[in-house]
Amino acid sequence: MQFPMSTMFDAIALREWMSAVGPENVVADEGTLREAETATFATNRRIPAIVSPANREQVQECVRIANRRRVPLYPISSGLNWGYGSRVPATDGCVLLDLRRMNRITDFSEELGYVTVEPGVTQAQLYEFLRARNSKLWMDCTGASPQCSLIGNTMERGFGHTPYGDHFANSCGLEIVLPEGQVMETGFARYEGAKAGPLYRWGVGPSLDGLFSQSNLGIVTRMTIWLMPAPEYFQAYYFRCEAEDGLAPMIDALRPLRMNGTIRSSSHIANDYKVLSALQQYPWEETKGRTPLVEPLMGQFRRDLKIGAWNGSGALYGTKAQVAEARRLVRMALKGKATRLEFLDDRKLALASRFAGVYQRISGWDLKRTLAVLKPVYGLMKGVPTAHPLFSTYWRKRTPAPTEMDPDRDGCGLLWFSPIAPNQGIHARRVTDLAKERMLASGFEPAISLTVLTDRTLSCIISIAYDREVPGEDLRAAECYRELLTCLGKEGYLPYRLGVNWMAAMEEGNAYSETLRLLKGALDPHGIIAPGRYSSARADAAPGPTSNVNTVSIGS
């Protein structure tokens, strides 16, 4: 086989990987590599090859080869990490270790509510697996593509919509290939025959699971995920608030209900820009091509589309009696704070769909358009994956979103900035005010959603959406991201997750970072696994050339 110049860095390693995984599973053609180097924002990483193992043993051999040849590997699960880097490594010169072929579901218990999966198992695959068995268990899924990896999202500490929305908190029993090829399991799973391996995450002794989330200390090749028993009754609720300053009172009203267990789901509150981008693409005609979209035109869209300055959703789970009482408490909490509050179950949703046309003729409100967005969100709260949220990544594109959406391929610009704040109205208002101010000043619409991630915290997802085909937009978006990181960081609102261009931005010279550096040096002395991932390239002593890392000053 003849390798292009870009892969001549180590032809011996490539031939050894071909022997380990099969020649057809080592990709080195320029076109495929360039696709893998493309994200939803500008990057300058070069990928010399893509290697796709089929099982843990092949992963071990790939890692051993990488160590012998001193070639860094960057593991990916599905590679659909849109908004944070897609398939692109954190540093230059890494061979992609693509784990999508590892797509087996290896264990399942209906009675105990768990499933054990490999990295290539997707949201859609698990959903169909449960449907085929008429399971009474629900998965929790994100608003990302149905083809996204369950393990990939969990190891980034992603979240969804049901009471099991904190994905890493609802996982255990990790199987990990360490940087020199050894295999380790966590919790009780490390003991052969342990009955509680997929059920009890702590095991005995120090718990190591967290060391492998958002890290480069190993490659997770298997994990157990806990599933939610389907409730007797499910009811979603939706509310909106017309006033910009109505966010804080709503957050403070709902917090006690989350803390006392009345609300168990990961409730979401989105601003008007976020909802508008889910309903349609940028209104180029109405704005006469000017950006960003601002008042008074934004106010006109709110009135025409019946959306509020803030728009919330959540779900109630339990017996009919439990849901009825929770519904009463939600009504009381939001009285005088939400302009409109609606509760929806399967029957009401079916009726709304059936009579949407009649309702439009009577009221003038295009309910079908609203239902097109509402139904996927409703499904997410029941563990049904959907691709619909991807539509918003085409917000600034001047061509319609295709049926098969692929933000990387289609030149969609997307950067997600994800700070965490205390679950209090004063903090929700401060974060969103700062983000809105900075983004509008940078020329971008502040599409913002808040998720009550835990009883005590809010996750704020700030979307920088643009068209990568417009000259200069990549640079402006990167500057906007850096501005948000600096500004919000100084206020104490730090992101729970970072894009690949900024993974070293929060590294500090303290005992925490020094401990991680010591662990990396002990486990991965040659810096083979994902150099630069959530650390500086320098700290990992990566064997290949590295790209410049964006660093900013955060904290006081």
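The values are calculated or read from the model by the stated rules, or taken from the named source; none is laboratory data. This structure is a prediction, so every number in the text was calculated from the model and none was measured. So basically every Cβ, Gly included, is an ideal-geometry build from the backbone, and we count neighbours across all protein chains shown. Quick note on the areas: whole protein, heavy atoms, side chains included, nothing else; ligands and nucleic acids left out. Shrake-Rupley method; radii C 1.70, N 1.55, O 1.52, S 1.80 Å.
Observations on the model:
- Sites residue 290 and residue 355, calculated FRET efficiency, Cβ-Cβ separation with R0 35 Å, nearest 0.05: 0.35
- Built from the Cα atoms of segment 121-261, the convex hull projects on average onto 12.0 nm², one quarter of its surface area.
- Rounded to the nearest 10 Å², the accessible area of residue 233 at probe 1.4 Å: 40
- Acute angle (nearest 10 degrees) that the helix 320-334 long axis makes with the longest principal axis of the chain, alpha-carbon atoms: 70
- Think of it as helices only: each DSSP H run of n ≥ 4 in the chain is worth -39500 (n - 2.57), and spread over all residues that comes to -10000 deg cm²/dmol at 222 nm.
- Calculated FRET value between residue 44 and residue 192, using beta carbons and R₀ = 51 Å, to 0.05: 0.65
- P(r), alpha carbons of segment 17-65 - 10 Å bins starting at zero, rounded %: 26, 42, 28, 5
- Ranked by the mean number of other Cβ atoms within 10 Å of their residues, highest first, the peptides 45-52, 474-481 fall in the order 45-52, 474-481.
- Hz values of 3J(HN,Hα) by residue in segment 35-48 - Karplus curve (6.51, -1.76, 1.60), Gly and Pro given as x: 4, 5, 7, 9, 10, 8, 7, 6, 9, 10, 6, 10, 10, x
- Here segment 268-325 yields Rg over Rh of 1.21, to two decimals, using C-alpha coordinates and the Kirkwood radius.
- Each Lys and Arg Cβ is given +1 and each Asp and Glu Cβ -1; about its Cα centre, segment 41-170 then shows a dipole of about 600 debye.
- Rounded, prolate or oblate (a/c below 1.5 giving rounded, otherwise prolate when a/b exceeds b/c) for segment 395-532 by Cα gyration tensor: oblate
- Share of alpha-carbon pairs per 20 Å distance bin for the chain, given as whole %: 21, 55, 23, 1
- Residues within the reach of a label modelled at residue 57 (point 7 angstrom out along Cα to beta-carbon, backbone nitrogen below 15 Å), restricted to segment 172-193, are 183.
- Segment 119-194: C-alpha pair distances exceeding 19 Å, %: 46
- Spin-label model distance (nm) - residue 375 vs residue 346, 7 Å beyond Cα toward Cβ: 1.6
- Each of 502, 234, 168 was placed along the dipole of the chain (beta-carbon charges, centred on the mean Cα), and the one lying farthest toward the positive end is 234.
- Cα pair count fraction exceeding 25 Å, expressed as % - segment 35-138: 34
- Packing-based order for 216-227, 304-315, 335-346, using average beta carbon neighbours within 10 Å, highest first: 216-227, 304-315, 335-346
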